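S.K.: Starting off with a structure, shown below.
The values are calculated or read from the model by the stated rules, or taken from the named source; none is laboratory data. The shown structure was predicted, so the numbers you read here are calculated from the model rather than taken from an experiment. Neighbour counts are summed over all protein chains in view; Cβ atoms, including those assigned to glycine, are modelled from backbone coordinates with ideal geometry. Heavy atoms of the whole protein, side chains included, go into the accessibility calculation; ligands, DNA and RNA do not. Shrake-Rupley method; radii C 1.70, N 1.55, O 1.52, S 1.80 Å.
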Amino acid sequence: MNQLRKDESYFKDNFEALHGDMQLAYFDTVNNVIKTVDAGDLILVLGKMINALIRSKVINPAEGYYHIIMDATGVASYHSPPLDGALSKKKNNTTTYYASVLEAKIITDNGLCLSVASELLSNEGKGFYDKQDCELAAFSRLADQLHKLFPRLPICLHLDGLYANATVMKKCEQYGWKYIITRKDGNLPKLDEQIKDTLEKVSFVYPEVLNPGQKEANLGDVQYLWAANLQHQNHQLNYMEGRFPKHNSQAVTKFAYIINLNINLDSPQLQSIVRRFMSSGRSRWLIENKGFNDQKNNGFNMEHKFVRKSIMNLYKYYILLQIAHIIHQLTVKSKAVVELVKQSKVTIKMLWVRLKSVLLERILCKETIMQNRQRCQIRLE
């Protein structure tokens, strides 16, 4: 940005015209401002954006709940320690310091994956700590933050196998949340005995498309299992399993979850409900592919060290990036952009290349910009 500000392109003039004559600052100035901003205030902005999307029905519940995926990701690593409690690991007498975030993203039926809140993993304030901050400790803080932002929202959390424990279940029950937690083999071993012995279970086989989105559909018989009214440390839960055959192979891929969503085993829609719950559980891939992967590899530069001396100030840039990613997703899902992509037969990445080229190589008409600066409704495809 500093280079674009001072080179001989038209970027600086176009930036200021598009932003109401706001000056394009040097990033040293931006960093000085970031230091004065409270991260909690930026999280509130995220919360208000998501609330607005819920009220306008851009985000809708599925099975009566809003589905939120939680997962951790690394943001940056350092060879010298930042000033405020970065996590660290030592290998071959070399210590690496790193910034990590536990992220919560809400998912929608049209493929949006939008940040709602996040929690920085940090050792700040622990003094000479014996144990570093971890995902499970951050989960409790993030859950409290999420409940504060959305106190009445019916939420279903999607979590990986790390969270299959009584502490997480208790926190979800405290706030009236549902959960779908990945169950790994060997985790909660006593559960196997309960699943084997319980009489309240149902199993069935259903033909499914194993390669959705491909030109030629590949069908396979998926084996489903649902076991109800199991117990883990006084927490009642259910178990769900799906065995999906691999294409041109005798092998199967097993997906298993512990879940506190309930089903009436006598319901005529039983099989349909179990299949929908399984599809919902498998949607955890969205936070990796449409969340972290997009932000790390598709132009957002999430792993860039915007700040080198403070992981808290780096975290503020991370939240701003989440706000930008929400706007980006809504833009590329809008009818106008979807139609433009179809007509021009170019990718979204190429559209960004063309847009940047315009900003660099010609002066935009300020009068036209002002005439078009008005409120409008953007409809999603």
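S.K.: Specify which labelled value, from [x] 29.0, 120; [y] 20.0, 63; [z] 23.8, 75, agrees with Rg and Dmax of the Cα atoms in Å derived from the coordinates of the model shown.
M.R.: For Rg and Dmax of the Cα atoms in Å, the calculated option is [z].
S.K.: Same structure, new question: Near Ala17, within a Cβ-to-Cβ distance under 14 Å, what is the net charge of the other residues, with Lys and Arg +1 and Asp and Glu -1?
M.R.: Around Ala17, the charge tally is 0.
S.K.: To continue, here is another question. Measuring from label point to label point, each 7 Å out along Cα→Cβ, what is the Asp41 to Asn60 span in nm?
M.R.: 3.7 nm
S.K.: Now for a separate question. Based on the Kirkwood radius over alpha-carbon pairs, what value in µm²/s does the Stokes-Einstein equation return for the translational diffusion coefficient of segment 222-305 at 4 °C and 1.567 mPa s? Display every interim value, and only then the final one.
M.R.: Values: Rh = 15.4 Å.
The calculation lands on 84 µm²/s.
S.K.: Compute the angle between helix 135-149 and the longest alpha-carbon principal axis of the chain, please, reported from 0 to 90 degrees and rounded to the nearest 10.
M.R.: Approximately 70 degrees, to the nearest 10.
S.K.: Between Thr331 and Gln223, how many nm apart are label points set 7 Å from Cα along the C-beta direction?
M.R.: A separation of 4.9 nm, rounded to one decimal place.
S.K.: If I model segment 237-381 as equal point scatterers sitting on the Cα atoms and use the Debye formula, what is log10 I(q)/I(0) at q = 0.09, 0.14 Å⁻¹?
M.R.: Values, matching the q order: -0.55, -1.02.
S.K.: Roll a 1.4 Å probe over the protein chains and send me the accessible area per residue for the chain in Å².
M.R.: That works out to 58 Å² per residue.
S.K.: With the cut-off at 29 Å, tell me which of the pairs Lys6/Lys345; Lys215/Lys246; Lys35/Lys57; Lys12/Lys305; Lys246/Lys305 have Cα atoms farther apart than that.
M.R.: Where the Cα-Cα span goes over 29 Å, the pairs concerned are Lys6/Lys345; Lys35/Lys57; Lys246/Lys305.
S.K.: Something else: Taking the Cβ of Met70 as the center, what net charge do the other residues with Cβ under 14 Å away carry, scoring Lys and Arg +1 and Asp and Glu -1? Could the numbers behind the result be given before it?
M.R.: Details: positive: Lys105, Arg141, Lys171, Lys178, Arg284; negative: Asp71, Glu103, Glu119, Glu135, Asp144, Asp160, Glu288.
Once all neighbours under 14 Å are counted, the net charge is -2.
S.K.: Which value results for Rg/Rh of segment 37-80 when Rg is the Cα radius of gyration and Rh the Kirkwood radius based on the inverse mean 1/r?
M.R.: Reported Rg/Rh, Kirkwood definition of Rh: 1.15.
S.K.: Tell me the mean residue ellipticity at 222 nm calculated for the chain from its helices only (DSSP H runs of n ≥ 4, each -39500 (n - 2.57), averaged over every residue, nearest 500). Don't skip to the end; give the middle numbers.
M.R.: Details: 13 runs with 141 residues, N = 381.
When only DSSP H runs of four or more count, the value is -11000 deg cm²/dmol.
S.K.: Which links in Lys184/Lys335; Lys184/Lys309; Lys254/Lys335; Lys89/Lys316; Lys89/Lys190; Lys105/Lys309 stretch past 31 Å when you go from one Cα to the other?
M.R.: With Cα atoms farther than 31 Å apart: Lys184/Lys335; Lys184/Lys309; Lys254/Lys335; Lys89/Lys190.
S.K.: Ranked from the most accessible area to the least, with a 1.4 Å probe and all protein chains present, what is the order of His147, His325?
M.R.: Working: His147 55, His325 0 Å².
Final ranking, largest accessible area leading: His147, His325.
S.K.: Can you tell me what share of the DSSP beta bridges in the chain is antiparallel? A percent to the nearest 5 is fine. Could you put the intermediate results ahead of the total?
M.R.: Values: 53 of 61 bridges.
Here the share of antiparallel DSSP bridges comes out near 85 percent.
S.K.: Where Lys and Arg each count +1 and Asp and Glu each count -1, what net charge lies around Leu261 among other residues with Cβ under 12 Å from its Cβ?
M.R.: Every neighbour counted, the sum reads +1.
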